[in-house]
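Shown next, in structure tokens, is the structure this report addresses.
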Amino acid sequence: MPSPNATFTEMVTTTYRNHSKELTDNVSANNALLRRMRDKGMIKTKSGGYSIVQELDYGTNGTYQRFSGYDTLNINASDVITAAEYPWAQVAIHVTASGRELRMNSGPQAMIDLVKSRIQNANRNAANQFSIDLYSSGSLTNQIGGLGSIITTDGTGTVGGINSATYTWWANQFQEMAGTNAFTGTTELPTNIVSGMNKLWVKCVRGRDKPDLVVLTQDFYIGYEGSLQNFQRYADSKSAAAGFESLKFKTADVIFDDNSNFSTTGEIGYFLNTDYLFLVEHPEARWTQDDDKIPINQDAVVIPIYWMGQLVCSNRARQGRLLDAS
């Protein structure tokens, strides 16, 4: 008769590994930005390498020339490509059970219930914590560089190894709200938030390149929603079907995502062009289950699940940040 440890491991493997997309899909479905990137094919895999290298199309081709007849043409090489380099980041979450729990739930149905509850817990916690990382400044040890580090309050910073103070084409756009650091969605004039959003929008647009997703904190979202009270509001059907209430600003979906790690009264708005945002994952660590571990000093079984990757941007200049600074 197999031991409770072996039964638990086998059932987790059968439930999780044979449905390996469950946790991956749960993480992406829990966050509006990840859902958008997944739908657009912007969640990619990359094997090996000491870092993630992303080519950037940043320069102007200097050979564009108006000419007539036998004029000499400019065939000089143009330096238009460089690359950003992002470090790999790693995440682990574990499905665990103590020997006591395993022996108390050794019956078939009890073990099924135990496994189900532990996997659901792992799914929920991975989704919530990864959402925090996705919107973070990357300041915690071993944390991915989230939107807070890629899209800064003044466009400065070194992202992907490129310093925007030296290479100004790598700076993101930003717009501070008019007035003092006192914006609230219930007391400010709705025109204030719309004015700030309009100013940031035009900074982020280049030809047909424009933001497709706007993520607002609570106060900004309430303020923007208030500006639409006298008009018919409309939502993106895909976002609504995914469980995210979505407004529209020009052609972009406007989302309040409570998984964004924004404080209740924080005033931040990200204007995102997701054509230039990627979640790069290692193919062998995409919320992938490893073999079970038996601690030498505990009566327990531990089943690790690993993720390895990074949030990558290939064009900071098309991303924007709305803020209400003091």
For this session: Can you figure out the FRET efficiency of Asp275 with Asn297, using R₀ = 56 Å and their beta-carbon distance, to the nearest 0.05?
Result: 0.65
For this session: Could you please put Ile296, Ile150, Ile268 in sequence from largest to smallest accessible area, using a 1.4 Å probe?
Result: Ile296, Ile268, Ile150
For this session: Please tell me which of these pairs span more than 22 angstrom C-alpha to C-alpha: Lys203/Lys250; Lys40/Lys250; Lys210/Lys250; Lys40/Lys210; Lys44/Lys199?
Result: Lys44/Lys199
Exercise. How big is the accessible area of Ile151 in square angstrom, nearest 10, if you roll a 1.4 angstrom probe over the protein chains?
Worked result: 0
Seminar exercise, completed: Long-range amide H partners of Thr82, meaning residues 5 or more apart or on another chain whose placed amide H is closer than 5 Å, are Leu56, Tyr58
Problem set entry | Full-extension gain in nm, Ser137 to Ala83, via 0.36 nm per residue minus C-alpha separation | 17.3 nm
Problem set entry | Length gained when the stretch Ser68-Met104 is fully extended (0.36 nm per residue, less Cα-Cα span) | 4.1 nm
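The values are calculated or read from the model by the stated rules, or taken from the named source; none is laboratory data. Note that the structure is predicted; figures quoted are calculated from it, not measured. Using ideal geometry, Cβ is built from the backbone for each residue, glycine included, and neighbour counts are taken over all protein chains shown. Note: areas computed on protein heavy atoms with side chains; ligands, DNA, RNA excluded. Shrake-Rupley method; radii C 1.70, N 1.55, O 1.52, S 1.80 Å.
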